[in-house]
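To keep things clear, I will list the structure first and then write my remarks on it.
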Amino acid sequence: MTIQQKVFWLRLVTLVGLCLPAVELAWRWYNGDLDPRPVTLATHATGDWAVIFLLLSLAMTPARALFDWMPLVQIRRRIGVASALYAGAHFLIYVLDQKWNLIVVANEIVKRFYLTIGFAVLLVLIALAVTSTDRWQRRLRRNWKRLHWLIYPAAFVALIHFFIQSKVKIGEPAFAAGLFAWLMLWRVLPAKLRTRYLGLALLAVGATLATVVFEAGWYWLVNGIDPSRALEAYLDPDLAPRPAHKVLIASLLLIVAVGLRRLTLAANKLWTKRYVQSSISAP
């Protein structure tokens, strides 16, 4: 299979994968599986997927470097645009919940902090999606990179919005924040460590500790809960897995996946070398 064919199928599979959550949500809504609060559940689901795809778009750069597979860059833009589309659906369903009363929606955005920052993130994601084309990249030149650097603060603010909207149950946003910490720490690591096992091990430890800090700090600052109680929860097997446990498991699984990928590449190179040598030596 040629590189062009691999890119074609990768793009097609990515497109199908990006559409599946929306199709599944629409089907459940149509069949009444979201009752008795279909609008609320749909709002939360689209918001969750917007965050997931936002993190996935940020993960494409380290994934390309770690797995040494250039075609991954071809789908980064699609995933980022999908994040903006799901964020737009998240907002539109909220407007639907307000019976399309834009005055009420505007007042709520101004009065409620989590809606204010959520709407700000939506505007940034829309701007990045619109300017993600090659044409806009040529038009903006150096300013294109400056504009798209906003994806990092936008992701950070989106996670704050996720935390606030989740209220007391912050397991999912804490896990997402831990993954975001991994992605940011990877970018600040020295270039030599980014693809080495030592660097990946340091990232696993750093992202796990960051998740613990995020969770304990949130409970302390917002709910007034002693941080030690959150730390003690990690020692209780009945409460496992906690968000930091999930981040650690994900980080370790990534190390295993990278190792398998490199073993596969090494085996392919060895087989190719032997095949070439045998072909040359053959009479």
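Since every read-out is calculated from the coordinates, none of them should be taken as a lab result. None of the values given here were measured: they were computed from a predicted structure. Here Cβ is always computed from backbone atoms with ideal geometry, including for glycine, and neighbour counts include all displayed protein chains.
Counting only Cα atoms, I'd like the Rg/Rh figure for the stretch 1-166, Kirkwood definition for Rh.
Using only Cα positions, Rg/Rh for the stretch 1-166 is 1.01.
Across the stretch 185-244, how large is the tail of the calculated P(r) beyond 15 Å, expressed as a percent of all Cα pairs? Write down the numbers at each step before the final one.
Details: 1015 of 1770 pairs.
Roughly 57 percent, once rounded to a whole number.
Can you work out the base-10 log of I(q)/I(0) for the stretch 169-283 at q = 0.14, 0.21, 0.23 1/Å, using the Debye formula on its C-alpha atoms alone?
-0.67, -1.08, -1.19
Work out which helices of the chain, taken as complete DSSP H runs, extend at least 27 Å along their axis over the Cα atoms and score a mean Kyte-Doolittle of 0.0 or more, then list them.
3-30, 38-67, 73-97, 197-223, 243-281
What is the fewest-to-most order of K246, K169 by other Cβ atoms lying within 10 Å of their Cβ?
Starting with the residue having the fewest Cβ neighbours, the order is K169, K246.
Mean separation of Cα pairs under 8 Å and 6+ residues apart, divided by the residue count of the stretch 169-283: what relative contact order is that in percent?
Computed value for the stretch 169-283: 30 percent relative contact order.
Which whole-number percent is the relative contact order of the chain (Cα, under 8 Å, 6+ apart)?
14
Report, in debye and to the nearest 20, how large the dipole of the chain comes out about its Cα centre when Lys and Arg carry +1 and Asp and Glu carry -1 on their Cβ.
Computed charge dipole of the chain: roughly 1740 debye.
If the only charges are +1 at each Lys and Arg Cβ and -1 at each Asp and Glu Cβ, what is the size of the charge dipole of the stretch 169-283 around the Cα centre, to the nearest 20 debye?
Computed about the Cα centre, the dipole is about 1000 debye.
Among A207, L265, A59, pick out the residue whose Cα is farthest towards the positive end of the charge dipole of the chain, where Lys and Arg carry +1 and Asp and Glu carry -1 on C-beta, about the Cα centre.
Value: L265.
Suppose a student asked you for the relative contact order of the stretch 1-95, using Cα pairs under 8 Å spaced at least 6 residues apart; what percent would you report?
Once divided by the residue count of the stretch 1-95, the mean separation gives 37 percent.
In debye, nearest 20, what is the charge dipole magnitude of the stretch 1-94 about its Cα centre with +1 on Lys and Arg Cβ and -1 on Asp and Glu Cβ, if you could check? Before the final figure, lay out the partial values.
Values: 8 positive and 5 negative charges, 80 e Å.
Dipole of the stretch 1-94, to the nearest 20 debye: 380 debye.
So what is the calculated 222 nm ellipticity per residue for the chain, using -39500 (n - 2.57) for each DSSP H run with n of 4 or more, over all residues, to the nearest 500 deg cm²/dmol?
My calculation for the chain gives -28000 deg cm²/dmol from helical runs alone.
Holding the Cα-Cα limit at 32 Å, pick out from K6/K167; K167/K246; K145/K192; K99/K169; K192/K246; K6/K145 the pairs that are longer than that.
K6/K167
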